[in-house]
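Before any comments, here is the structure.
The values are calculated or read from the model by the stated rules, or taken from the named source; none is laboratory data. This structure is a prediction, so every number in the text was calculated from the model and none was measured. A quick note on method: Cβ atoms are made from the backbone with ideal geometry, for glycine too, and the neighbour counts reach across all protein chains shown.
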Amino acid sequence: MALYYNHNTIMNNTYITAPTQKVSVNGTTFTYRVTGNTEGIPLILLNHLTGTLDNWDPRVVDGLAKEHTVIAFNNRGVGSSGGKVPLTVEEMAADTISFIKALGYEKVNLLGFSLGGMIAQYVIQQSPQLVNKLILAGTGPAGGVGIENVTKLTLLDMLRAAVTLNDPKVFLFFTRTSNGKKSAKAFLGRLKERTQNRDAAIAIPAFRRQLKAIHRYGLQKPVDLSYITQPTLVANGDDDRMVPTSNSEDLAKRIKNSRLEIYPDAGHAGIFQYYGQFIKTALGFLKG
């Protein structure tokens with residue numbers, strides 16, 4: 001099995017024009033996009049609740065792709081990928097590992113945002129030799145403070161968004177300060193920059209199954225994270241409502257070889273609000 005996946009892979013310089021590709025994993029079709037064309041260990045992006053290929057901030061992906069091959073993918077049952085969303089985060093991690101191996105990689109870096117960060121922790125638990133470095137953004141450990149409330153908070157803010165004719169991410173991802181509102185508008189605008197061959201939105205049954213998996217994760221007993229020995233960057237906004245910021249602080253304390261970045265006046269999507277700062281930090285971390 002090759003370290004670098006360089007056979008028939010379509011590389012692209014910008015995320016908003018990257019073609020959507022497919023790979024069969026144990027009989028299930030997984031969709032993904034590749035940006036950048038750099039030799040070395042690739043960076044795999046693990047997405048948030050409801051997140052499909054079109055929910056990654058193109059500024060973040062393009063910034064990281066200047067020095068890395070970056071691969072975003074839809075896990076089982078999400079967006080245009082086939083199959084049914086697993087009911088546990090552990091199963092989602094197993095699918096992630098299978099996807100990575102199907103592309104031919106033996107070593108990767110991981111960037112997990114929100115639910116993706118939960119998945120990333122189990123990827124290392126299940127296949128520690130697969131991961132070189134880890135970035136955990138807007139996420140927390142199993143049994144973390146407030147994670148069991150994600151379902152209630154998400155549904156309430158979806159209702160709030162419907163009443164006010166807003167995108168739910170305005171409330172879930174950003175603060176309600178003037179800076180947060182401005183950042184939310186800019187972020188949502190960037191997500192619309194891709195105008196052709198957009199991904200399918202997540203289906204309601206898939207969304208419900210993701211919520212059940214996160215709820216179970218939040219109710220679990222705390223896991224000993226000493227098994228994570230990889231260098232780890234933990235990032236979040238200072239006012240994360242979805243996965244309270246204290247969880248990021250907890251991760252940084254419990255993962256021995258880690259560093260913590262907290263962005264001011266920022267919520268769950270701190271890495272997108274402060275994308276310039278995050279890209280600089282992340283590239284330095286991955287290179288160091």
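Quick rundown of the values:
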| read-out | value |
| --- | --- |
| Residue count for the range 65-79, restricted to those that are among the small types (Gly, Ala, Ser), over 26 Å from Pro141 (Cβ atoms) and in a loop (DSSP other than H, G, I, E, B) | 1 |
| Positions within the range 161-184 being of a type in the set (D, E, K, R), free of Cβ contacts under 8 Å to residues at least 12 places away in the same chain and either assigned to a helix (DSSP H, G or I) or closer than 26 Å to Ile16 by Cα (or both), in sequence order | Lys181, Lys182 |
| Residue that is in contact with a Gly (Cβ under 9 Å, 6 or more places away or on another chain), of a type in the set (Gly, Ala, Ser) and closer than 20 Å to Thr154 by Cβ, where the choices are Gly63, Gly27, Gly83, Gly77 | Gly77 |
| Looking only at the range 208-228, and only at residues there that are of a type in the set (A, V, I, L, M, F, W, C) and part of a loop (DSSP other than H, G, I, E, B), the one that is farthest from the chain's Cα centre (by Cα) | Val223 |
| Output for the range 261-285, where each listed residue is more than 17 Å from Ser114 (Cβ to Cβ) and either touching a Pro at 6+ places or on another chain (Cβ under 9 Å) or surrounded by fewer than 17 Cβ atoms within 10 Å (Cβ to Cβ) (or both) | Pro264, Gly276, Gln277, Lys280, Leu283, Gly284, Phe285 |
| Residue in the range 80-96 that is in contact with a helix residue (DSSP H, G or I) (Cβ under 8 Å, 6 or more places away or on another chain), assigned to a helix (DSSP H, G or I), closer than 25 Å to Tyr275 by Cα and hydrophobic (A, V, I, L, M, F, W, C) present | no |
| Conditions (1) of a type in the set (Val, Ile, Thr); (2) out of contact with any Leu (no Cβ under 8 Å at 6 or more places or on another chain); (3) closer than 29 Å to Pro42 by Cβ: number failed by Thr164 | (3) |
| Subset tally (residues that are closer than 23 Å to Asn55 by Cβ and outside any strand (DSSP E or B)) for the range 254-284 | 19 |
| Of all residues in the range 42-69 being touching a Leu at 6+ places or on another chain (Cβ under 8 Å) and among the β-branched types (Val, Ile, Thr), the one that is nearest to Asn197 (Cα to Cα) | Val61 |
| Checklist (1) in contact (Cβ under 8 Å) with a residue 40 or more places away in the chain; (2) part of a loop (DSSP other than H, G, I, E, B) applied to Gly40, failing item | (1) |
| Some residue of the range 118-130 being closer than 20 Å to Gly267 by Cα and assigned to a helix (DSSP H, G or I) | yes |
| Out of Leu188, Leu159, Leu134, sole residue that is of a type outside the set (Ser, Thr, Tyr), modelled with pLDDT of 95 or more and touching a strand residue (DSSP E or B) at 6+ places or on another chain (Cβ under 6 Å) | Leu134 |
| Residues located in the range 62-81, provided they are within 18 Å of Ile97 (Cβ to Cβ) and either free of Cβ contacts under 8 Å to residues at least 24 places away in the same chain or of a type in the set (A, V, I, L, M, F, W, C) (or both) | Ile71, Ala72, Phe73, Val78 |
| Output for the range 233-254, where each listed residue is over 14 Å from Ala137 (Cβ atoms) and crowded, with 20+ Cβ neighbours inside 10 Å | Asp239, Arg241 |
| Whichever residue in the range 228-255 is free of Cβ contacts under 8 Å to residues at least 40 places away in the same chain and not aliphatic (A, V, I, L, M) and, among such residues, is farthest from Asn109 (Cα to Cα) | Asp238 |
